[in-house]
Amino acid sequence: MNFSDLLAILPLVILVGWAIILILVDLLIPSHRKGMIAPFAVIGIIIALGVAISQFGEQSTAFGGMVAVDGFSVFLQVLFLISGLFGIALAYDYLKRQGIEHSEYYILLLFSLSGMMLMAMAADLIMVFLALELLSIPLYVLAGFASPRLDSEEAALKYFLLGAFAGGFVVYGIALVFGATQTTALQGIIAATKDGSANVVLLVIGAALILIGLGFKVAVVPFHMWTPDVYQGAPSSVTAFMAVGAKAAGFAGLLRVFMSAFNILAVDLIPILWTLSVITMLLGNIVAIAQSNIKRLLAYSSIAHAGYILMGMVTLGQGEIEGAAIAAALFYLVAYVITSFGAWAVVIALEHGEGKGLALDDYAGLGGKHPALAAAMTVFMLSFTGVPPTLGFMGKFFLFSAVLDGGYVGLAVIGVLTSLVSAYYYLRVVVVMYMQEGEPRVRRDIWLNTTTAITAIATVAISVFSTPLFNWAVRGVMVFFK
Amino acid sequence: MDSFIHPLTLVTFLPLAGVVVILFLKNEQKNAARYTALATSLITFGVSMAVLAQFQRVDPNLQMVIDLPWIRVGSWVIAYHLGVDGLSILLLLLTTFLTPISILSTWTAVEERVKDFMIFFLLLEMGMVGVFLAQDLFLFYVFWEFTLVPMYFLIGIWGGPQRIYAAIKFFLYTMAGSILMLLAILWLGIQGGTFSTPDLIANNHIPANIQFWLFLAFAAAFAIKVPMWPLHSWLPDAHVEAPTAGSIILAGVLLKMGTYGFLRFNIPLFPQAAWQLAPWIAGLAVIGILYGAAVSFAQKDVKKLVAYSSVSHLGFVMLGLFALNPQGIQGGILQMVNHGLSTGALFLIVGMIYERRHTRDMDAFGGLWKVMPVYGALTLIVALSSMGLPGLNGFVGEFTILLGAWDAGQAGHVLGSYWFAGLSALGVILAAVYILFMFQKLFLGPIDKEENRNLKDLNWREIITLAPIIILIFWIGLYPKPFFSLMAPSVDQLMVVLHGAALALH
């Protein structure tokens, strides 16, 4: 380890160091003012964000090839750090209201965030596993943060057990890959497959196991069973962060590992990816129709979106087209992150007491009583559906065009048809807000309102001016295809 | 800066300026919202007249084109590409013409959430104008899908008792078609490297078998919108539940987006497929003509009757377009305008009586002529226009379409059978039956219902709302030449593309 290694992972170092300092600072803060730690956490994230952005354009590896700093990692790190900011904005008032305002919340969030950051850089399967655990363990604790509320504890236990289980899959997959190639470095795996020294059967099984393990994290069907319960049981601010951050991080790992190391296995993996993508889109969207609780509805919606993002990976092994598809997946991820945080901000604004205000019926009359909030929620629902002019539409547009370009017409058709199905339940939220009478209870909090406003405006504005973002994603991905 | 003062940009996004103004009004300032919306739509109409003044009748190509790169991704460019030609100029004018009329019709009919109503209405106008002007497939799709959102709210918030069901049905039906079109658009963009419609038409090398599928994907979106039999079932629900202004715009403009789509995209982009599928489409159109007429006759609800009559009238438009000859297409375009005028006026008329009596059941009326003579006279003119009486606009359109269909029915021509023209002529007669039946039920006979005895005749606002439409009904009916001359060069140019495809086929 030398100085340049540390410099490469500087944003991560800042986050972890800052989190440790905050644990100490926490001792000085009186117990009824623990919310004070939030602005400190924000400062840490902003510094890390600045450093991450300054790494733009850099292309290097560190720690003997264990981590890579490239366009891909910078793109995702910026996304994660912004997620962290939103995550804190959503939690600040919510924790107070729920009577669970402890400084550990923000510290755990920083640790989880650093796990995500590491995932974006991981260039070695061991690093992938390390990042996975680093991001997951704080989330297990956060899911149970409303303890002794039973549903929160249940969520934590369920998430932990299935998370551990998924971790097992990943480790076993890594072991098999190591057995097949004598290495865990992604570049090493590529070299081993090129010179023919790798045992392809073992490698495919290993790749499939890693896919399963990360599939749990991103909630791909059939590894999604935990999602609705955990999303519903965990405190809403945690759910928001988990639904967005953990999923994005899971995809960060999947995308990097598969498009570099396992590109060669395209023939074997594509049918698996294709099937997973299709059943995820189908099940997520169809089951969402039956939900009457907004948290469960968003849980199934998040499952469905995992299916769409997975679509991009079907172009594995097609070179430039794959690059465009992965870039589209990254763009879609951004769309999903921004839209989701907006939607969750509205959910949190309406939640009150212990799990009240979460039924769809509680949204009745929102359009008349709180027009701005309802308008924002409408924008998010339209973005999830994929109606222009929203980010969700642009995401689907780029994704479907890449998939069509790759020759998967059937997959694209299923993609648009399931979008149609999703229109039904997203519109139901809009129907309830505007077309039914009611007296919604809304919490007015500046940070919630700010988050809602920023995300709503971004959802529309970035979709109209999407060129820079997409080209940034393309540049981030193209390093793998030269 | 040039792009912002461009007339087509202005006419598209001017309604947005009105939206911004209305956003700053308070909920209580109902009249301010109404006047702002009306003023905005009138200015937009003024700008569209300026566009007409600049329009060169003899030029068959797109005019006043603005083409700026918008989204640059990899090798392809999505452009902000607007333009107007003979195929779209009349529809642009129809949109900007009907919008202020619709807004006027809401003056007393919409009392709740006026501010929101006007915002959605102006957003809808922006979307519709964009649809008719966009020359980039992607941009077109954005406007096309966007129109769904405000219309969905207009039906869902201000509609009748079944409004939620109708609104969702409207949204899902339309979206079902348009997402298939999206895939076809993507395919075209990927293969052609551009989304620009003129470029795609100019470098058209799509093999016939692929044209067939792309044609169907586009047709799915447009046929649902038109709506063609058997995809029409969303229409009666949407119309019956929508508020009057919504119905006017729905019938007057939104349905035309479907027929316009066939004209602008299906026929020139996939001419060989159009040639092959024309008899099938014309067949469905004829079924629609007869079916719509028959079902109209069976209705007791006046609004439903008018809604089903749209299925019948739009059948004529489709028949004209897919006669694939100049008369048919010109008649089809003119009939789009005619239907917008006469059906828009019919919905206005239904809305006026509904506001007074809160029912649309034909049995609740009778003898209205004696109480409301002005209303009766205006209704008669509109009804006669709708059934195609010579001297009024409907006749000109339907007659030209039938000529086109007859011509196309010759052996060896595209339809290849006189049955198409023959059966649809029957539709003209049926139209006379159900329209006159309705008129008789409402206006003639004795006043046998006590509630009808004291109905007030139309006030000045209502007469002013109807008057421009009546003037146009006579104008087109008596002297249609200026309207035909607007579209003729562009239609002829379309025929060149079609003949090329016909040669390639045989």
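A few comments on the model shown:
- Take every Cα pair under 8 Å whose residues are at least 6 apart in sequence, average their separation, divide by the length of region A:265-482, and the relative contact order is 30 percent.
- Computed FRET value (nearest 0.05) for A:ILE43 with A:ALA359, which takes r as the C-beta separation and R₀ as 35 Å: 0.40
- Two-site label geometry, A:ALA266 and A:LEU28: point separation in nm, points 7 Å out along Cα→Cβ: 5.7 nm
- Rg/Rh for region B:135-194 stands at 1.14; both radii use Cα atoms, and Rh follows the Kirkwood definition.
- Relative contact order %, chain A, counting alpha carbon pairs below 8 Å whose residues are six or more apart: 15 percent
- Note on B:LYS370/B:TYR418: beta-carbon distance plugged into 1/(1 + (r/R0)^6) with R0 of 51 Å gives a FRET efficiency of 0.65.
- Debye log10 I(q)/I(0) at q = 0.09, 0.11, 0.19 Å⁻¹ for region A:265-482, Cα point scatterers: -0.37, -0.53, -1.30
- Per residue, the convex hull volume that the Cα atoms of the protein assembly as shown enclose (Å³): 159 Å³
- Comparing region B:208-259 with the 2.2 N^0.38 Å rule of thumb, its C-alpha radius of gyration ratio is 1.34 (two decimals).
- With N counted as the residues of region A:171-328, its alpha-carbon radius of gyration over 2.2 N^0.38 Å works out to 1.10.
- Three-way shape call for chain A based on the alpha-carbon gyration tensor, with the a/c threshold at 1.5: oblate
- Dimensions of region B:40-109 from C-alpha coordinates, computed as largest minus smallest value along each principal axis and given longest first, are 53, 33, 17 Å.
- With all pairs of separate Cα atoms included, region A:246-313 yields a Kirkwood hydrodynamic radius of 12.8 Å.
- In this simple spin-label approximation, B:GLU451 and A:LEU7 carry label points 7 Å from Cα along the Cα→Cβ vector, and these lie 8.5 nm apart.
- Here the extension length gained between A:SER54 and A:HIS352 equals 103.2 nm, from 0.36 nm per residue of separation less the Cα-Cα distance.
- Computed over region B:279-387, Kirkwood Rh from alpha-carbon pairs, angstrom: 14.9 Å
- Relative contact order (%) - criterion: Cα under 8 Å, at least six apart; region: region A:252-389: 21 percent
- Here is how the number arises for chain A: DSSP H runs of 4 or more residues each give -39500 (n - 2.57), the sum is divided by the residue count, and the result at 222 nm is -25000 deg cm²/dmol.
- Computed on the Cα trace of chain B, the radius of gyration divided by the Kirkwood hydrodynamic radius gives Rg/Rh = 0.96.
- Here the label points at B:THR359 and A:THR275, each 7 Å from Cα along the C-beta direction, are separated by 6.3 nm in the simple model.
- Modelled label reach - B:ALA109, point 7 Å along Cα→Cβ, region B:242-259 residues with backbone N closer than 17 Å: B:242-255
- 21 Å Cα-Cα reach of A:LYS295 towards lysines, excluding residues that sit fewer than 8 places from it in its own chain: A:LYS96, A:LYS158, A:LYS217, A:LYS247, A:LYS356
- Rounded to 10°, Cα long-axis angle of helix B:163-192 versus longest principal axis of chain B: 10 degrees
- Phi to ³J(HN,Hα) by Karplus 6.51 cos²θ - 1.76 cosθ + 1.60 over region A:460-472, Hz, x for Gly, Pro: 7, 5, 5, 5, 6, 10, 8, 4, x, 4, 5, 5, 5
- For A:GLN187 and A:ILE446, a Förster radius of 51 Å and the Cβ-Cβ distance give a FRET efficiency of 0.60, rounded to the nearest 0.05.
- A:HIS352 long-range amide H proximity, modeled H, under 5 Å: A:GLY357
We did not get these values from a lab; they are worked out from the coordinates using the rules stated. Computed from a predicted model, the values in this text were never measured in an experiment. All Cβ positions, even for glycine, are placed from backbone atoms using ideal geometry, and neighbour counts span all protein chains on display.
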